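Here the structure comes first, spelled out in structure tokens, and everything after it is commentary.
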Amino acid sequence: MEKSYSPAFRAKAVSLVNDDGMSVDRVAKQLAIPKSTLFSWVRASKKELPIAIWDGCDSIVSEAIGRFQDRWRPYSASSRRYPIGKLIQELIDPAVSAYTAKLPPRYLAHLPGAGTGVAVSGIIRLVGLDAMVRLQRQLLRAFILTEDKQTARDKRFVATLESLIELVLACSCKRPKTSVPAKGVSLNAQRKHGFCDLCGNLTELSAFMAKVAEQQVNETELHDEKKLELSHQYCTGHRPKLTNGEWNPAYRQAKRSIEQFNLELGRINRQCAKRSSPNAMTSGDSLVDSYFFHYFSGQTLQPADKADLRNLARLMVDSKLSDTRKKILMLRYSGFNQSEIAEHLLGKDNRALTRQAVSKALASIPAMFHLKQKKRPVR
């Protein structure tokens, strides 16, 4: 008889994979459940991801996004019967208008359409969903760099704009409940679209379908591409086999480190979402968590920059930025010299590192991961 699991147990298992970045194998072993069962739960959870509403988002906007998600199942950008822009116009436009009416003038320049009489749905009709996401990100970055003083109103504005970005991004990825391939395209467009499992690039299928949608593929190219088996899991760079039939070394290397990639991605997502204090929380080590906190304090990346965040996690893994090296960078940032760092840390054999080992590690870490070093007080 097949064992049954409670909804709470299933939610916890899926959260460990989706939110904490743990591998399916590891979670299945830890919770003593079949790997195939957990995989089916995770796959089902990704069919319709919820729209993330940030803590602190304006109540009018957050309630509107909640009502939007309750009704959005049949809607999509490509549906004629249920165009998603119509639902945005009905539910989101009034909420955003009510929120902006309460804002001082200095905020309006950072919210698309505010003060111009053009609603969110109107801008989307003019520029499209993808361009709207880019516009929102640019305006949010400009606000954080020039206006954000971390007041309660500033934090609420950032959380509200982040929630609206999440909504538009979800709409751009939304597929109709059922769809028929466009005339002349026999590719299985129902397959998963999105990022490569191993980095932040689009999968081969997603990249190609984007070209088709933008009409950048002529009939000859389309005919040739239909002969290929485009991957819906990996990008061109991480395709398992090369065109000559040999195994791709980049795929093998990335596949071996996928657990570390998911771990780093989970840390990055948590710290990026709440950067006011250390939030990585996966390592169990305060130095590692502090490293992520200080690293992101000098970055303008936002949670909506999913491709950039995934590529950052991939680069961390490929650069062999281990937790020990993160600790070295954090101690160096705190003003420790190489000898002091060596005395403070233990190597794999639980012995203190040598100064030479610390020096070698610092030299091998790419400059982009170094923290700007504090000046030590003069004694």
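All of the numbers you see were taken from the coordinates with simple rules; none came from a lab. What you are looking at is a predicted structure, and each value in this text was computed from that prediction instead of being measured. FYI the Cβ positions are ideal-geometry reconstructions off the backbone, even for glycines, and counts take in every protein chain you see.
Pull up all non-local amide H partners of residue 352: gap of 5 or more, or a different chain, and H-to-H distance under 5 Å with H placed in the peptide plane.
347
Going through the cross-link list 12/306; 155/274; 29/306; 320/360; 274/320; 274/372, which pairs have a Cα-Cα distance over 19 Å in this structure?
Going by Cα-Cα distance, 12/306; 29/306; 274/320; 274/372 fall outside the 19 Å limit.
Two decimals is fine: what is log10 I(q)/I(0) at q = 0.22 Å⁻¹ for region 234-275, from a Debye sum with one equal scatterer on every Cα and no solvent?
Treating every Cα as an identical point scatterer, log10 I(q)/I(0) equals -0.72.
Peptides 234-246, 321-333: what's the order by average Cβ count within 10 Å, highest mean first? Please list the in-between numbers first.
Values: 234-246: 13.8, 321-333: 20.2.
Packing order, densest peptide first, comes out as 321-333, 234-246.
Starting from the amide H of residue 236, placed 1.01 Å from N in the peptide plane, find each other amide H under 5 Å away whose residue is 5 or more places distant or on another chain.
Correct list: 204.
Based on the mean of other Cβ atoms within 10 Å per residue, sort peptides 75-85, 148-158, 132-142 so the most packed one is first. Show your work: numbers first, answer last.
Numbers: 75-85: 16.0, 148-158: 13.8, 132-142: 18.3.
Result, highest mean first: 132-142, 75-85, 148-158.
HN-Hα J couplings of region 99-113 from phi, Karplus 6.51/-1.76/1.60, θ = phi - 60°, integer Hz, Gly and Pro as x?
Ordered by residue, 3J(HN,Hα) equals 5, 5, 5, 8, 8, x, x, 5, 7, 5, 5, 9, 10, x, x Hz.
Read phi for every residue in region 292-307 and hand back ³J(HN,Hα) as whole Hz from Karplus 6.51 cos²θ - 1.76 cosθ + 1.60, θ = phi - 60°, with x for Gly and Pro.
For region 292-307, the Karplus-derived couplings read 4, 4, 6, 5, 6, 5, x, 10, 10, 4, 10, x, 6, 7, 4, 5 Hz, x marking Gly and Pro.
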